[in-house]
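In what follows, a single structure is set out as structure tokens and then discussed.
The values are calculated or read from the model by the stated rules, or taken from the named source; none is laboratory data. All of these numbers come straight from a predicted model, not from anything done at the bench. Cβ coordinates were reconstructed from backbone atoms using ideal geometry, including for glycine residues, and neighbour counts include every protein chain displayed.
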Amino acid sequence: MKNYVIGLDYGSDSVRAVLIDAETGHEVLSKVHWYRRWKENKYCNASINQFRQHPLDHIEGLEVVIKSVVTESNVASELIKGICIDTTGSSPIPVDQEGRPLALTKGFEENPNAMMMLWKDHTAIKEANEINELANNWGGENYTKFEGGIYSSEWFWAKILHVIREDNSVKNSAYSWMEHCDVMTYLLIENKDLKSFKRSRCAAGHKAMWHKSWNGLPAKEFLEQLDPYLANLRDRLFDETYTSNEVAGNLSEEWAKKLGLTTKTVIAVGTFDAHAGALGAKIKENVLVRVMGTSTCDVMVSSKKFMGDNPVKGICGQVDGSVIPGLEGLEAGQSAFGDVLAWFKDMLSWPIDNLVLSSNILTDAQKAELKEEIEHNFIKKISAQAEKIPLDESIPTALDWINGRRTPDANQELKAAMSNLSLGTEAPHIFKALVNAICFGSKKIVERFEEEGICIDSVIGIGGVARKSPFIMQTLANVLNKPIKVAASDQAPALGAAIYAAVAAGIYADVIEASEKMGSDFEATYYPKEEKVAAYKEQMQSYNELSSFIENSIKNK
């Protein structure tokens, strides 16, 4: 009899479930649900970098996609052995004593501060700066040292500190806080006990300064200097963390009925999408996996024997077992990758949206057709034009910091910039400059890993950008001067989550074996073109000069 598992992958805009044949890794069926409230732009304010999501978007989506793959696949429910959930992060949520998101309780239904703070919410820049100042000067353990030495406004403690200072009602009503991947896992299991619940090692280690060398989370004495609330909160959090090959619990009777499954289905410990994606792409030592979407996460694994206790500077953490149990998981990334190009597209679309599509000359049907045609062709056509621009033709130099800088050396106060504009600069020139910028930002991450002694033999790209844009992937191969393989799976994070589920369910002995059997094949390889590598090296010098100028200008303000 065959065994099946489900990977549930929460992205920034939607949630998808994939039903996977655990023997082969074959995708039987997948379903996607777009968040309704998020699509309506509720609870967000881009002008202050506030991005919040209502838990109902996630809960409704979970029920829709899992129920759909179970029902439509005609796979017997008792053959679906496990589920694992991956999410973006750090995305903390305040919860009550039962572990219920505060936004689902009376009086908080429409309060953004009671909702999930999406990874790209940067309202906590001031609080992150305070954490860094204290960590470096309080006289005790520097709790940021295994998180690259710089704590980010994108992460757990900074976000909580920001909300409890801004909103006393949330501060006084939240019993505890949980990462998104933990909340959704807790929702599905039968045993509802917050204290014994198995929290994600991946989330806690990379975003909450958890490390076994100091017995878990930062000491209360440290947290109290930031705010007494945080010291008290520590008692209501956790000491131990768990890797995602472990069982968090069995599916509850309530959710088994809702989803058409049985209570024998095990729920694995939750994880982050990038780490699951790396596993879905068959990550190994000395391989860099780039999860390329709206932002990027760059993931590597390394043996403890090689790494020792040496912290890698300026990345998003190194955590034992966060990707593959027994190996150190290393994470870096860019706060904006696809988002840089989406911003440019939206900006150029202003006259279309506000003049053409609001015109009375066109019928509603014509407007809809035109909008669809533009959406379909925009990136394709401007990429083709940008690709034709000779390397010796003058193009602008751009920075990729449109949403701050995640790594190397997190700094969400940085802003993007552009230089070398002229009257000859056209839209394809700017597009090419932006593509160069996101690739140069990637190169800075690779350089940091290599400076810190981490060898990178090859690169794997996963995600929509990797599969849909040969122009970007070829530019990246030229800039990195390394071959890049592209994973064939459209759903590598969900596939990786399914791999964890297969191990938790006892189908495989470990995630390495499961990844080899179930992981994605590769559909393309981009090799650096020797004649272009030198030209991009020269252009990157301009990127470095502009980076230094902007960073120093912001520092000196």
Do we find that SER442 is at pLDDT below 95 and among the hydroxyl-bearing types (Ser, Thr, Tyr) in this structure?
no
Can you confirm whether THR24 is assigned to a helix (DSSP H, G or I), among the β-branched types (Val, Ile, Thr) and either farther than 26 Å from PHE522 by Cα or out of contact with any Phe, Trp or Tyr (no Cβ under 7 Å at 6 or more places or on another chain) (or both)?
no
Give the residue that is surrounded by the most Cβ atoms within 10 Å (Cβ to Cβ), with candidates limited to residues of the range 47-70 that are out of contact with any Leu (no Cβ under 9 Å at 6 or more places or on another chain) and of a type in the set (Val, Ile, Thr).
VAL64
What are the pairs, 6+ residues apart or on separate chains, where a residue within the range 279-291 that is farther than 16 Å from VAL465 by Cα has its Cβ under 7 Å from a residue that is surrounded by fewer than 24 Cβ atoms within 10 Å (Cβ to Cβ) and charged (D, E, K, R)?
LYS282/GLU516; ASN286/ASP457; VAL287/ASP457
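Residue-wise test of (1) over 19 Å from GLN334 (Cβ atoms); (2) surrounded by 16 or more Cβ atoms within 10 Å (Cβ to Cβ); (3) among the aromatic types (Phe, Trp, Tyr); (4) touching a Gly at 6+ places or on another chain (Cβ under 7 Å).
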{"residue": "LEU391", "(1), (2), (3), (4)": "yes, no, no, no"}
{"residue": "ILE395", "(1), (2), (3), (4)": "yes, yes, no, no"}
{"residue": "ILE402", "(1), (2), (3), (4)": "no, yes, no, no"}
{"residue": "ARG405", "(1), (2), (3), (4)": "no, yes, no, no"}
{"residue": "PRO408", "(1), (2), (3), (4)": "no, yes, no, yes"}
{"residue": "LYS415", "(1), (2), (3), (4)": "no, no, no, no"}
{"residue": "SER422", "(1), (2), (3), (4)": "yes, no, no, no"}
{"residue": "HIS429", "(1), (2), (3), (4)": "yes, yes, no, no"}
Does any residue of the range 452-466 turn out to be part of a helix (DSSP H, G or I) and crowded, with 18+ Cβ neighbours inside 10 Å?
yes
Selected residue (only one of ASN129, ASN137, ASN111 is buried (at least 16 other Cβ atoms within 10 Å of the Cβ), modelled with pLDDT of 95 or more and not assigned by TED's automatic domain parsing to the domain that holds ALA256)
ASN129
I'd like the residue in the range 487-528 that is in contact with a Leu (Cβ under 8 Å, 6 or more places away or on another chain) and more than 19 Å from LYS81 (Cβ to Cβ) and, out of all such residues, is surrounded by the fewest Cβ atoms within 10 Å (Cβ to Cβ).
PRO528
How do the helices (runs of 4 or more DSSP H) wholly within the range 134-240 filter down when requiring 1 or more residues that are closer than 14 Å to SER90 by Cβ and touching a Phe, Trp or Tyr at 6+ places or on another chain (Cβ under 7 Å): which remain?
156-166, 180-188, 201-207
Does GLU179 fit the bill of being surrounded by fewer than 19 Cβ atoms within 10 Å (Cβ to Cβ) and either of a type in the set (S, T, N, Q) or in contact (Cβ under 8 Å) with a residue 12 or more places away in the chain (or both)?
no
Residues satisfying the stated conditions in the range 53-94, i.e. over 24 Å from ILE20 (Cα atoms) and touching a Pro at 6+ places or on another chain (Cβ under 6 Å)
PRO55, ILE93
